[in-house]
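Worksheet for the structure shown next.
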Amino acid sequence: MGILDGLASMGLGKLEGADLYAKEEKKVKKDSAESTQKKEISEKDFIFEKSYECPVCYKAFKESKVKSSRARLIKQDRDLRNVYQGIDVNKYEVTSCPHCGYSALDKYFTGIAAPQAKLIKENISKTFTRFSRHTIVTYDEALERYKLSLANSIVKKAKDSEKAYTCLKMAWTVRGYMENYDRAADDYDEKMEELKLNEEELILNALEGFISARATESMPIAGMDQITLDYLLSVLCLKLNRLDESARFIVNVLQSRNASTRIKNNALDIKAEILERKKNEN
């Protein structure tokens, strides 16, 4: 199952098999808390409707977004996924225009140039089919929006860092889906296998995109300085059992004079795990 499978249902079947990081031949011209635990609260308590004007078709619409003041951080995964109590914020990260199909992570949504908007109109909007929208976004709906966002990033020739960050956020959403899937469901084992493979594919695409961005783009990348990015790259390599690459990136963190104590301690844990895995391989 590809990470873009399902776009056909939105009228974008020709993009299902698109290469996320395909490069065009170079051309001469370049385009310019919750307060108490006494009673259970619902996901709806975290949500508000935010108004947008689409930068592609200029039509108004509303999207469900998370009230940052209500979301209480519980933990952070090794690969920097923040986990909040009562809601998975990653389900609400994509902003999607219901009129023309333009979609992107919220942090990239308004940052679109006129030539990119033209590409969206020509290659997304013409065939885009509106999909169901609900105040409370399900995991399946969230993943459809991520796929649409990735399709848009391909069409508008987004930076590799944007594509990689979208893949990473989508992988985090898949992980949240696995954590919250009904264990009593008849298809539990089958669904877990499908989602695990999906997460791994997304992690791989995120890794490739960030490595490319690290070599070709200026810092910060997706809001990360080089220390944070190298730490993340090491973690992603470790997840894919690419131990030598993971070691190279984590050495950069450990040797940095600017790395915080917390990130260096985490880096030491990663280094120890790399050494243990290599020992077990021999």
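The values are calculated or read from the model by the stated rules, or taken from the named source; none is laboratory data. Nothing here was measured: the structure is a model prediction, and the numbers come from that model. Positions of Cβ are generated from backbone atoms using ideal geometry, with glycine treated the same way; all protein chains shown enter the neighbour counts.
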Keeping to the stretch 202-237, report how many residues are in a helix (DSSP H, G or I), among the acidic types (Asp, Glu) and over 20 Å from ALA104 (Cα atoms).
1
Those residues of the stretch 229-280 that are within 21 Å of SER161 (Cβ to Cβ) and charged (D, E, K, R) come to a total of 5
When the stretch 238-251 is examined, which residues are found to be assigned to a helix (DSSP H, G or I) and either among the hydroxyl-bearing types (Ser, Thr, Tyr) or under 17 Å from ASP79 (Cβ atoms) (or both)?
LEU238, LYS239, LEU243, GLU245, SER246, ALA247, PHE249, ILE250
Return only the number of the condition from (1) more than 22 Å from GLY2 (Cβ to Cβ); (2) out of contact with any strand residue (DSSP E or B) (no Cβ under 8 Å at 6 or more places or on another chain) that LEU229 does not satisfy.
(2)
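The rows are residues; the columns are (1) under 27 Å from LEU143 (Cβ atoms); (2) not assigned by TED's automatic domain parsing to the domain that holds GLU162; (3) not acidic (Asp, Glu).
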position	(1), (2), (3)
LYS196	yes, no, yes
GLU200	yes, no, no
CYS237	yes, yes, yes
ARG242	yes, yes, yes
VAL251	no, yes, yes
ALA259	no, yes, yes
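Please go through the stretch 252-282 and give me each residue that is assigned to a loop (DSSP other than H, G, I, E, B) and not hydrophobic (A, V, I, L, M, F, W, C), ordered by number.
SER256, ARG257, ASN258, SER260, ASN282
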Scan GLU281, GLU190, GLU199, GLU276 and give me the residue that is surrounded by 15 or more Cβ atoms within 10 Å (Cβ to Cβ) and out of contact with any strand residue (DSSP E or B) (no Cβ under 6 Å at 6 or more places or on another chain).
GLU199
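Go through the stretch 91-124 and report how many residues are of a type in the set (Gly, Ala, Ser), outside any loop (DSSP other than H, G, I, E, B) and crowded, with 19+ Cβ neighbours inside 10 Å. Don't jump to the end; show me each part of the working.
Initial filter on the stretch 91-124 (of a type in the set (Gly, Ala, Ser)): 96, 101, 103-104, 111, 113-114, 117.
Keeping just the survivors that are outside any loop (DSSP other than H, G, I, E, B) gives 96, 103-104, 114, 117.
Add one more test, that the residue is crowded, with 19+ Cβ neighbours inside 10 Å, and what stays is 96, 103-104, 117.
Selection size over the stretch 91-124: 4.
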Being part of a loop (DSSP other than H, G, I, E, B) and either modelled with pLDDT of 95 or more or surrounded by fewer than 16 Cβ atoms within 10 Å (Cβ to Cβ) (or both) is the filter here, so list the residues in the stretch 69-90 that pass it.
SER69, ASP77, ARG78, ASP79, LEU80, ARG81, ASP88
Please find, among ILE227, ILE250, the residue that is buried (at least 21 other Cβ atoms within 10 Å of the Cβ) and of a type in the set (Val, Ile, Thr).
ILE250
